[in-house]
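The values are calculated or read from the model by the stated rules, or taken from the named source; none is laboratory data. None of the values given here were measured: they were computed from a predicted structure. Backbone-built Cβ (ideal geometry, glycine too); neighbour counts: all protein chains shown.
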Amino acid sequence: MGLRLADVLARDGGRSLVGRRVHPAVSGAYEAILHCHTAALGGHVARCRQGHLVGVFYNGCRHRSCPRCGWGLGRRWLERRTRTLLGCGHHHVILTLPHVFNELWSRNYRLFARILFSSARGAITQLAADPRYLGAEPGIVAALHTWGQQLGLHVHLHCLVTAGGVRALGEWVNSRRKWFLPATPLVQLFTGKVIYALRGVARSGELHLPEGWTVKHVERLCDRAKAERWNLDVRERYEDPVHVLNYLGRYLNGGPINESRLQTLSDDEVSFSYKDYRDTNPCGVPKRKTLTLPIDKFIRRLLQHVPPKGFHMVRGYGVYAGVIRNELRHKLQEALPLSAEVRVVLRPRWPQPDLLDPKPQECPTCGGELYFAYYGRGAPGLTA
């Protein structure tokens, strides 16, 4: 089955968490992944009436940061979201937070993410409201990603934005622009909103500051950030939004790394592959390389991307908001039907236990009917 993420955590033995203040969501993710599909989480055994033991099946952890369980959560999200899609063009907009804010982000995940979402929404809707560009409110699906290929902190938002919007009276307006919104004013608006909000929460005392920091340190950091390059990528118009939606679905659940990228594990180090987007071949395809890290450093990089419990990694705005009136949603879906059936192509990031060892239908010894006995967490009957 190859190297598992649980194998890396088991080799660490919890040492990477010793002596550190760890958020309960982080320690919960650690324990869930470590015990996924083991007797610690319970399961069931298959027996026939003659007493023949046919198989033992352990429960998954169902944690969204688990690469073996998270893909199913992502697939269900995709299926729900495709039922609300409008049959119009969409744009893929990527907004990136400069790395100078990484220290503050690590201490203020939930608060900083709220600022990021609201700033992105405000910048896109404010610019789209300008009659020169659209003069209406578009629909936005924004998804938060916090990692890069080497598992470092790389905070950015992927926004799927309708190439059109709704006016005040519910009238739909199509966008006539190939690139939807101009990049320079969009990034300026986004930058200004993030910095303004960050200054506000620092002055109000809501922001958790590193030891020895004061509000003046945050003010200087914001001044420095103004001179930084805020990366913005506004993609061409997609007539079929499912491509971007499936792209988002791959990264919404399951954590920042596929188990198929894990290569070797020793007593002290773990090696994994990554794509180097700064080193590409003549066709523009990034080269695949290998990075080796001490186990504790690898785990710390991994766990910094665990979101707080109950935090929504995806949010909808405009015509994709959850509170939109049902009559307006139905009206738009009738006026903008999808041209073809939406196909969800999200696949498991690694072969699932049920696929590797499917549940038997009858006893292979006597051919008798099977029944399943269920056990709770850590039950001694699941040691077979």
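Annotations for the structure displayed:
- Applying a threshold of 6 Å to beta carbon distances and a minimum spacing of six or more residues, or different chains, the list of pairs starting in the stretch 275-298 at a residue that is without any contact (Cβ under 8 Å) to a residue 24 or more places away in the chain and ending at one that is surrounded by fewer than 12 Cβ atoms within 10 Å (Cβ to Cβ) and assigned to a strand (DSSP E or B) reads LYS287/ASP279.
- Among the numbered conditions (1) exposed (fewer than 15 other Cβ atoms within 10 Å of the Cβ); (2) in contact (Cβ under 8 Å) with a residue 40 or more places away in the chain, the only one that ARG301 does not meet is (1).
- Flag for CYS48 being farther than 30 Å from VAL8 by Cα and at pLDDT below 90: yes
- Restricting the stretch 209-218 to residues that are part of a loop (DSSP other than H, G, I, E, B) and among the hydrophobic types (A, V, I, L, M, F, W, C), the residue that is farthest from LEU198 (Cα to Cα): TRP213
- If you check LEU134, LEU95 for being crowded, with 21+ Cβ neighbours inside 10 Å, on the phi < 0 side of the Ramachandran plot, touching a Ser or Thr at 6+ places or on another chain (Cβ under 7 Å) and among the hydrophobic types (A, V, I, L, M, F, W, C), only one passes: LEU134.
- Within the stretch 151-201, the set of residues being surrounded by fewer than 16 Cβ atoms within 10 Å (Cβ to Cβ) and either assigned to a loop (DSSP other than H, G, I, E, B) or under 24 Å from the mean Cα position of the chain (by Cα) (or both) comprises GLY152, ARG167, ALA168, LEU169, GLY170, GLU171, ARG176, ARG177, LYS178, TRP179, PRO182.
- Filtered by the rule that a residue be part of a loop (DSSP other than H, G, I, E, B) and either under 21 Å from LEU153 (Cα atoms) or of a type in the set (A, V, I, L, M, F, W, C) (or both), the stretch 219-258 gives GLU228, ARG229, TRP230, ASN231, ASN253, GLY254, GLY255, PRO256, ILE257, ASN258.
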